[in-house]
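**Q** Before I ask anything, here is the structure I am working with.
Coordinate-derived values only; no laboratory data. For clarity, every value in this text was computed on a predicted model and none was experimentally measured. Because the Cβ atoms are built from the backbone with ideal geometry, glycine has one as well, and the counts that use them run over all protein chains shown.
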Amino acid sequence: MNRICEVLLTITLFAVSLAFLGCATDKTLHKNDVRDISANRLIQEMDGNNFVFDRFQARFNAKIETTDASFSLKGQIRMENDSIIWLSVSLPIGVEIVRALITNDSVFIINRTDKTYIKESIGNFKMIPPQIAEIGFIQSLLVGNDNTLKNYKKHKVEIIDGNYNLLTYNKIENNNFNTTLKTISVNPETFKINKITIFESFEKLRKVEVGYDKFELVDGKMFPMEIELDLDENPKFYINISYSNIYVNGEQDYRFSIPKKFTPAK
């Protein structure tokens, strides 16, 4: 799989062990100004302020840094809630290089630069922990929600730097032993996530940081117009995504086909 396909999968699937860098607003409250709250109440407030959609589409610009290179891309994303993610990635000059379609169980990618394609089950991507290889998880990451809190056994709330800091811990033991420690920084005025940090043990220890920033009102809810994803791994991977031209619940086209002359990616 070439580097562009790896980038695409990381943006969409490897939305992973995360952690959020950033802040929802320039205004910071002092600890004494933030009232104490229980973990259950905080989670209820977060759920009530989630960005909810049936259909979503937006344009984006992405700045990417890896161990070997840095470059910029742009594109379009379209989503059907809990069922489809459609993605078109282009060079800055506007030439499409990658198109992807992700469903509940499959990933389809065409790479126009080398005329190859990928057609796989999500479960075949072994770098993706199975509990997050779900389209609902991926979509929640892309719009600034967290739909995994019900999966965590323990919760604790602290007030740090004028924000609520929700600590969650979970242990899962199936075919693979998995431990996840996640902290979520939540704005006490909007109850939107502005920082999450996840340390996850799945075959190896991972730390991922993702930040949400530059919130605007979209369809009556606060929405992060900028996302940062930083994977603390080797090789390094960092991406900054800026959204624009967001539309919610309009009619959408998820056109996708594999050209006859394209061959399977190796």
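**Q** Taking H placed 1.01 Å from N in the peptide plane, check which residues at least 5 places from THR116 or on another chain put their amide H under 5 Å from its amide H.
**A** So THR116 has HN proximity to ASN111, THR263.
**Q** Okay, moving on. Which FRET efficiency, nearest 0.05, do LYS266 and LYS156 yield, Cβ-Cβ r, R0 51 Å?
**A** Once the sixth-power term is evaluated, E becomes 0.65.
**Q** What distance in nm separates the simple spin-label points at LYS207 and GLN76, each placed 7 Å from Cα in the Cβ direction?
**A** Placing both labels 7 Å beyond Cα along the Cβ direction yields 4.0 nm.
**Q** Using a Förster distance of 35 Å, how high is the FRET efficiency between LYS236 and VAL34, based on the Cβ-Cβ distance and rounded to 0.05?
**A** 0.50
**Q** May I ask you to evaluate 6.51 cos²θ - 1.76 cosθ + 1.60, the Karplus curve with θ = phi - 60°, for each residue of the range 94-109 and list the ³J(HN,Hα) values in order in whole Hz, giving x for glycine and proline?
**A** The phi angles translate into x, 7, 5, 10, 9, 10, 9, 9, 10, 10, 4, 10, 9, 10, 10, 9 Hz.
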